[in-house]
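For reference, the structure discussed in these notes is given below.
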Amino acid sequence: MSQPRPILLKGGRLLCPASGTDETGDLLLERGSIAALGGELEAPAEAEIIDCTDKWVAPGLIDLHVHLREPGQEYKEDIASGTAAAAAGGFTAVCSMPNTEPVNDSAAVTEMILERARKAGSCRVYPVGAITPGLKGKALSQMAELKDAGCVAVSDDGHPVSDSRLLRRAMEYASGFNLPVICHSEELSLSAGGAMHEGPMATALGLPGIPAEAEVAAVERDLTLAGLTGARVHIAHISCAGSVAALKRAQEAGWAVSGETAPHYLALCDQDVGNYDTHRKMNPPLRSAADREAVRQALASGVIEALATDHAPHSVLEKELEFGFAAFGVTGLETALGIMLELVNEHLLKPLAMIDRMSAAPARLLGLPGGSLAAGGPADVVVIDPKAIWYVDPVNMRSKSANTAFAGRRMPGRAVLTVCGGKVTFRLEA
Ligand code: DOR
Ligand code: ZN
């Protein structure tokens, strides 16, 4: 394969949370790697020189939690469209959840995903394998096989393992292969039948509720089992104050636990379901304004270490329905950075902390390459214009699905260039 042309990113604000770098300078990408950073750099004659004045130059964003829908539901998304959406959102790597059809519970499915991702070429894809075959919660998957094939973690996302004894065994087993366990923490006996967060808004709309306790009770159980087993446990899509408090306690106990939240829990709350908008329906649901504030503070303090989109594309067939019948899930790859820039503008996060939550922390949590601008690392980089105002139009998304929760929203900035492995995977047309 031919090497991409060297790229010199000139005069940007270099943001590397791993080293604490936040200074103006150049970044040189050569032969798929970061060749040098800082100060004024000489470019090789054949290099493309890109002026990054007033732009941020950061390690490519890494999303721990996306649904690429391939194999099996390519009418919603496929690996090519999902990774193109990722690149347009500034991401250079995504972790793909196993609730495909068939479920990713085997080397065959993992290898197929990796092969398609290599062909699509828009970003790195790290498959996450199922904890139980078919996500049925009955037995343990062949985790050695999944790891050998390329899975970076195991998860029950979308279909929680209700049997605590089985989950304990899963954590013990996964530890043996150094595979983190990503928990979708939901007590199904409490959430069953619900459509939105249980509270006054659900009552007013006449919709069946999902209490925050359905999440908190499961988070408590999952963290308790992390303490018992010593396993690396990561809590997916944290949406409420009770889960934050539980995670903080478990961290103080010294357990190997971490958590993520998603942009919609930072920017919206149950009031925003307002007009029975099915693009505001996801699982876990949008919580109270107080929960949103707790989640925002936890992301700022680092109790919640990572931002992940839970990009969950669904077609109009699943979304243009009565609220109760619509599918859970919203897209996120193309809007996540804009929502995080809002938090920067509100002084909740410094730019360096934003890049930590979206790149360095995800890399650290799953031991993935990237997440840093250090010389010698992969040339996975995003250039961000923090002042490029745009408005979300579902029609203009790279994703095959238009189920964004942020249609019409003003975004304060965006990715203007994404480079993965030294190759330009997205460039905003001027
Ligand atoms: O809203 C959600 N959508 N939550 C999940 O846990 C699964 C996901 C999906 O796959 O659509
Ligand atoms: Zn998910």
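First obtain the Kirkwood hydrodynamic radius of region 58-145 from its Cα pairs, then insert it into the Stokes-Einstein equation at 37 °C and 0.692 mPa s, and state the resulting D in µm² per second as a whole number. Write out the running numbers ahead of the final one.
Values: Rh = 13.0 Å.
The calculation lands on 252 µm²/s.
In this structure, the residue pairs whose Cα-Cα separation is over 18 Å, taken from 136/281; 119/423; 76/136; 147/423, are 136/281; 76/136; 147/423.
For the chain, a simple Cβ point-charge model (Lys and Arg +1, Asp and Glu -1, everything else neutral) yields a dipole of about 280 debye relative to the Cα centre.
All Cα-Cα separations within region 309-379 were binned at 10 Å from zero, giving a P(r) of 18, 32, 28, 18, 4, 0, each value a whole percent of the pairs. Each 10 Å bin from 0 upward holds the following percent of the Cα-Cα pairs of the chain: 5, 23, 33, 26, 10, 2, 0.
When the P(r) is computed for region 326-430, the part past 24 Å accounts for 29% of the Cα-Cα pairs.
Assuming charge only on the beta carbon of Lys and Arg (+1) and of Asp and Glu (-1), the dipole of region 283-336 about its Cα centre is about 160 debye to the nearest 20.
Using only Cα atoms, figure out Rg for region 31-84 and give it as a multiple of 2.2 N^0.38 Å.
Working: Rg = 17.6 Å, N = 54, 2.2 N^0.38 = 10.0 Å.
Relative to the rule-of-thumb radius for its length, region 31-84 sits at 1.76.
Nearest 500 deg cm²/dmol is fine: what mean residue ellipticity at 222 nm does the chain get from its DSSP H runs of n ≥ 4 alone, each adding -39,500 (n - 2.57), divided by its residue count? If you can, show how the numbers build up before the last one.
Values: 14 runs with 127 residues, N = 430.
Mean residue ellipticity at 222 nm (helix-derived): -8500 deg cm²/dmol.
Positive contributions from Lys and Arg (+1) and negative ones from Asp and Glu (-1), summed over other residues with Cβ under 10 Å from the Cβ of residue 350, come out at -2. The Cβ shell under 15 Å around residue 362 holds other residues with a net charge of -2, Lys and Arg each +1, Asp and Glu each -1. Between residue 391 and residue 33, the simple spin-label model (points 7 angstrom out along Cα→Cβ) gives 4.7 nm.
The fewest-to-most ranking of 406, 91 by surrounding Cβ atoms within 10 Å reads 406, 91.
Go ahead and run the numbers for FRET between residue 138 and residue 224, Cβ-Cβ distance against an R0 of 22 Å, rounding to 0.05.
Approximately 0.50, to the nearest 0.05.
Listed by Cβ neighbour count within 10 Å, with the fewest neighbours leading, 159, 347, 311, 197 appear as 347, 159, 197, 311.
The largest-to-smallest principal axis extents of the Cα set in region 1-128 are 51, 32, 24 Å.
The convex hull around the C-alpha trace of region 102-244, projected and averaged over every direction, spans 9.8 square nanometres. Toward the positive end of the charge dipole of the chain, with +1 on the Cβ of Lys and Arg and -1 on the Cβ of Asp and Glu, the farthest Cα among 164, 335, 263 is that of 164. Binning the alpha carbon pair distances of region 1-50 at 10 angstrom intervals from zero yields the distribution 28, 50, 20, 2, expressed in whole percent. The alpha-carbon of residue 350 sits under 24 angstrom from the alpha-carbons of these lysines, leaving out residues fewer than 8 places away in its chain: 10, 55, 248, 387. Once you reduce region 43-121 and region 302-381 to the center of their Cα atoms, the two points are 13 Å from each other. With viscosity set to 1.002 mPa s and temperature to 20 °C, compute the Stokes-Einstein D of region 201-339, Rh being the Kirkwood radius across alpha carbon pairs; µm²/s, no decimals. Diffusion coefficient, whole number: 137 µm²/s. Need one number: the % of Cα-Cα pairs in region 160-253 sitting beyond the 15 Å mark. Considering region 160-253, 60 percent of its Cα-Cα pairs are separated by more than 15 Å.
Most exposed first by the Cβ proxy, i.e. fewest other Cβ within 10 Å, how do 151, 16 rank? Show your work: numbers first, answer last.
Working: 151 29, 16 26.
Neighbour counts put them in this order, fewest first: 16, 151.
Counting only DSSP beta bridges with both residues in the chain, tell me the antiparallel percent, nearest 5.
Numbers: 28 of 58 bridges.
Approximately 50 percent, going by the DSSP bridge assignments.
Of all the options 307, 14, 348, the one that moves most in a Gaussian network model of the chain with Cα springs shorter than 10 angstrom is 348. Compared with the dominant principal axis of the Cα atoms in the chain, helix 79-88 is inclined by about 60°.
Since every read-out is calculated from the coordinates, none of them should be taken as a lab result. As the structure is a computational prediction, the values presented were derived from the model and not from experiment. Backbone-built Cβ (ideal geometry, glycine too); neighbour counts: all protein chains shown.
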